[in-house]
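The values are calculated or read from the model by the stated rules, or taken from the named source; none is laboratory data. Everything quoted here is computed from the prediction, not taken from an experiment. Cβ sites come from the backbone with ideal geometry, for glycine too, and all protein chains shown count toward neighbours.
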């Protein structure tokens, strides 16, 4: 998994390439955790994410809780399989999903 971050004002843009599973989820968490101070918009580009496990969902949920009511977490361009995971887990009600 490769992670690219770009900070613009109060928005953090994170492009992820690869699978987000029990092996790579801690790395993703480490990549974004320290960057969430004063962020009100966390945008993930999932164009190149081919799989997300429950460990990856936990990272997204932790980020959502950290941002809280001051902002939002947006997932952009998930493929059909990743979108199915969000739908089946109810994360489509927690995160903003943009096709």
Restricting segment 46-72 to residues that are in a strand (DSSP E or B) and surrounded by fewer than 19 Cβ atoms within 10 Å (Cβ to Cβ), the residue that is modelled with the lowest pLDDT: 72
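Taking the conditions exactly as written (modelled with pLDDT under 95 and more than 14 Å from the chain's Cα centre (by Cα)), does residue 38 satisfy them or not? Step through it out loud before you land on a result.
Details: modelled with pLDDT under 95: yes; more than 14 Å from the chain's Cα centre (by Cα): yes.
Spelling it out, residue 38 is indeed modelled with pLDDT under 95 and more than 14 Å from the chain's Cα centre (by Cα).
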Among (1) more than 12 Å from the chain's Cα centre (by Cα); (2) surrounded by fewer than 15 Cβ atoms within 10 Å (Cβ to Cβ); (3) on the phi < 0 side of the Ramachandran plot - the single one residue 33 does not satisfy: (1)
Where residue 83 falls short, out of the listed (1) buried (at least 16 other Cβ atoms within 10 Å of the Cβ); (2) assigned to a strand (DSSP E or B); (3) more than 11 Å from the chain's Cα centre (by Cα): (2)
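Return yes when residue 19 is in a strand (DSSP E or B) and touching a strand residue (DSSP E or B) at 6+ places or on another chain (Cβ under 6 Å) and no when it is not.
Numbers: in a strand (DSSP E or B): yes; touching a strand residue (DSSP E or B) at 6+ places or on another chain (Cβ under 6 Å): yes.
Answer is yes for this residue.
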